[in-house]
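Visitor: Structure provided below as structure tokens; questions to follow.
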Amino acid sequence: MRHALHVVAALVSVAPLARAEGALELQAVAAADRVTIRAGGRLFTEYLYAEGQKFPYFFPLIGPRSGVGVTTIGQTNYPHHSSLWFGCDKVNGGNYWQAGLEAGRIASRSVRLVRDAGEEIVFEQDCDWVRPDAPSPFKDRRRIAIRAPSADRREIDFDITLTALGEVRIEKTNHSLFSARLAPELSVRGGGVLRNAEGLEAEKGTFGKPSPWMDGRGTRARITEGLAILVHPSNPGFPPPWFTRDYGFFSPTPMFWPAKEATEFAKGDKLRLRYRVIVHGDNPAPGTLQAESDRWANVK
């Protein structure tokens, strides 16, 4: 069944935020297929959710110093890798990660701008996980907050709650949940660095290792930029093991290493997951990222 996408243009009434020193002004505009976010008058990212997409995703994610994207989409080895996204394979026999739309898709049903200007942008989205001739396994609600705390930093808080609409079984899979695909020149293969909170590096050191965060960065045109994903300690299974690849993919993917062969949900079960993404151009030291992770851990 097809449903019309609904974008709420009216803003929810919220108190204005006090401006932090050095923070950039942000603006957000919602359309039928995207939310466009600018920081300091320049494009930072678009959150895309057109009717024909496999799932919503962020693209581009513009580096704060270079003005060039730090992520990529449509790479030949895995064309379904879409910059920064959330999805899952092997859900009740469906695939909400790759393959055609007939295998399953995560469809946007409504988008609500909560705050469209100021130090922080906030919007909410409702999605249905749909597959032709099969019951929908999940619906989800997302709350996304975006900030530019300095000229060299951008932050995205991605807070998603999945609700099982019936009995759901997710087979063990590495294609699951929140993921990023770095631009090739920032990847380990491109000369960049992939490092976790324990100081382990590259695919060889980080694959399957639990960690509260992972950072990928590289240098192009003498500018070092990158992207870190922080996982909130309230997420089940924290700290999660990570699925990493030297070509630029990294994901906290607990469903690849469960004690059982599958993860199961009863009707009405909820799963809340929270992630913070830091797009950086100031080459933060590992201790700086750890401090950010510790600070965020206290946010309920």
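Just so it is clear, none of the values below were taken in a lab; they were calculated from the coordinates. Computed from a prediction, not measured in an experiment: that's the story for all the values here. Neighbour counts are summed over all protein chains in view; Cβ atoms, including those assigned to glycine, are modelled from backbone coordinates with ideal geometry.
Visitor: HN-Hα J couplings of the range 282-293 from phi, Karplus 6.51/-1.76/1.60, θ = phi - 60°, integer Hz, Gly and Pro as x?
Guide: Using θ = phi - 60°, the values come out as 10, 6, x, 5, x, x, 5, 5, 5, 5, 5, 5 Hz.
Visitor: If you don't mind, there's one more thing I want to ask. Any idea what log10 I(q)/I(0) is at q = 0.11, 0.12, 0.18, 0.19 Å⁻¹ for the range 188-300, Debye with uniform C-alpha scatterers and no solvent?
Guide: Debye intensities relative to I(0), on a log10 scale: -0.38, -0.45, -0.91, -0.99.
Visitor: Per-residue ellipticity at 222 nm for the chain, helices alone: DSSP H runs ≥ 4 residues times -39500 (n - 2.57), over residue total, nearest 500 deg cm²/dmol?
Guide: After summing the helix terms and dividing by residue count, I get -1500 deg cm²/dmol.
Visitor: Taking every Cα atom in the chain, find the radius of gyration and the maximum pairwise distance Dmax, and write them in Å.
Guide: Rg and Dmax of the chain, Cα atoms, are 18.3, 53 Å.
Visitor: Quick check for you: which residues of the range 187-201 have the amide N under 16 Å from the point 7 Å beyond the Cα of Trp257 toward its beta carbon?
Guide: Flagged as within label range: 195-201.
Visitor: Relative contact order of the chain, please, whole-number percent, based on alpha carbon pairs below 8 angstrom and at least 6 residues apart.
Guide: 17
Visitor: Also: Which ³J(HN,Hα) values, rounded to whole Hz and listed in residue order, are derived for the range 39-46 from phi using the Karplus coefficients 6.51, -1.76 and 1.60 in 6.51 cos²θ - 1.76 cosθ + 1.60 with θ = phi - 60°, glycine and proline given as x?
Guide: 10, x, x, 10, 4, 9, 7, 10
Visitor: Continuing with the same structure: Within the chain, which is the longest segment that contains none of the GluC sites (Glu not before Pro) sitting in a DSSP loop with at most 10 other Cβ atoms within 10 Å?
Guide: With a cap of 10 other Cβ atoms within 10 Å, the longest stretch comes to 22-260.
Visitor: How far, in nm, would the chain grow between Lys267 and Ser110 when pulled straight, counting 0.36 nm per residue and subtracting the alpha carbon separation?
Guide: 54.3 nm
Visitor: Give the percent of DSSP beta bridges with both residues in the chain that are antiparallel, rounded to the nearest 5.
Guide: 95
Visitor: Right, something else. Quick one: if you stick a label point 7 Å off each Cα along the C-beta vector at Leu43 and Ala291, how many nm between them?
Guide: It is 3.4 nm.
Visitor: Something else now. Over 20 Å between Cα atoms: which of Lys139/Lys267; Lys139/Lys209; Lys139/Lys270; Lys172/Lys260; Lys90/Lys270; Lys54/Lys204 fall into that group?
Guide: Lys139/Lys209; Lys54/Lys204
Visitor: I want to verify the translational diffusion coefficient of the range 116-171 in µm²/s; compute it with Stokes-Einstein, Rh as the Kirkwood radius over Cα pairs, at 20 °C and 1.002 mPa s.
Guide: 158
Visitor: Starting from the 7 Å offset along Cα-to-Cβ, what nm value, one decimal, do you get for the label separation of Glu167 and Asp126?
Guide: 2.8
Visitor: For the range 187-197, in order, what is each residue's ³J(HN,Hα) by Karplus, 6.51 cos²θ - 1.76 cosθ + 1.60 with θ = phi - 60°, in whole Hz (x at glycine and Pro)?
Guide: Each residue of the range 187-197 in turn: 7, 4, 4, x, x, x, 10, 10, 9, 9, 5 Hz.
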